[in-house]
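*Asks:* Here it is, the structure in full.
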Amino acid sequence: MAVPKQKHTKSRRDKRRSQIFLKKPGLTKCPKCGKPVLPHVICWNCGYYKGSEVVDVLKKLTKKEKKAKEKEMKAKEEAEKKEAKKEKSLTWQELSKR
Ligand SMILES: [Zn+2]
């Protein structure tokens, strides 16, 4: 059996081990629901990919879970609508007054 000729210092050992760690995945935001998702992968929260529904997320849920999920999605959509309205209400004249 091969035997090490010299002892490696603590510094050398620790420098080697400093490279041993898990990398964080490069997450992006889902344009539909805003949850963090992996790039080039469908969003498992809303089932959308590239702007169209690919998977029916509600299909496998129980009745209770379904209701909660639908409620959550509706709230999200309404919040988006409100934001859009706020942005629209500001015309250039209003902006110039500020
Ligand atoms: Zn989503």
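The values are calculated or read from the model by the stated rules, or taken from the named source; none is laboratory data. Not measured: the values here are computed from a predicted model. Note that we place each Cβ from the backbone using ideal geometry, even for glycine, and neighbour counts take in every protein chain shown. Protein only, heavy atoms only, side chains kept; ligands, DNA and RNA dropped before computing areas. Shrake-Rupley method; radii C 1.70, N 1.55, O 1.52, S 1.80 Å.
*Asks:* Checking the conditions here, which among 34, 47, 51 is under 22 Å from residue 75 (Cβ atoms) and touching an Asp or Glu at 6+ places or on another chain (Cβ under 6 Å)?
*Replies:* Of 34, 47, 51, the one residue that is under 22 Å from residue 75 (Cβ atoms) and touching an Asp or Glu at 6+ places or on another chain (Cβ under 6 Å) is 47.
*Asks:* Answer yes if at least one residue in the stretch 51-61 is of a type in the set (Asp, Glu), closer than 21 Å to residue 29 by Cα and not in a helix (DSSP H, G or I), and no otherwise.
*Replies:* If we filter the stretch 51-61 for residues that are of a type in the set (Asp, Glu), which is where we start, we get 53, 56.
Imposing the further condition that a residue be closer than 21 Å to residue 29 by Cα reduces the set to 53, 56.
Then drop every residue that is not not in a helix (DSSP H, G or I), which leaves 53, 56.
Looking for residues that are of a type in the set (Asp, Glu), closer than 21 Å to residue 29 by Cα and not in a helix (DSSP H, G or I), one finds at least one in the stretch 51-61, hence yes.
*Asks:* Next question. Mind checking which pairs have a first residue in the stretch 31-46 that is open to solvent by less than 30 Å² (accessible area, probe 1.4 Å) and of a type outside the set (Val, Ile, Thr) and a second that is within 7 Å of the ligand (Cβ to nearest atom) and modelled with pLDDT of 90 or more, Cβ under 6 Å, 6 or more apart or different chains?
*Replies:* So the pair list comes out as 43/37.
*Asks:* Being under 9 Å from the mean Cα position of the chain (by Cα), without any contact (Cβ under 8 Å) to a residue 60 or more places away in the chain and on the phi < 0 side of the Ramachandran plot is true for just one of 27, 22. Which residue is that?
*Replies:* Selected residue: 27, the only one of 27, 22 that is under 9 Å from the mean Cα position of the chain (by Cα), without any contact (Cβ under 8 Å) to a residue 60 or more places away in the chain and on the phi < 0 side of the Ramachandran plot.
*Asks:* Does the stretch 4-26 include one or more residues that are open to solvent by 70 Å² or more (accessible area, probe 1.4 Å), part of a loop (DSSP other than H, G, I, E, B) and either within 16 Å of the ligand (Cβ to nearest atom) or under 29 Å from residue 75 (Cβ atoms) (or both)?
*Replies:* Checked the stretch 4-26: at least one residue is open to solvent by 70 Å² or more (accessible area, probe 1.4 Å), part of a loop (DSSP other than H, G, I, E, B) and either within 16 Å of the ligand (Cβ to nearest atom) or under 29 Å from residue 75 (Cβ atoms) (or both).
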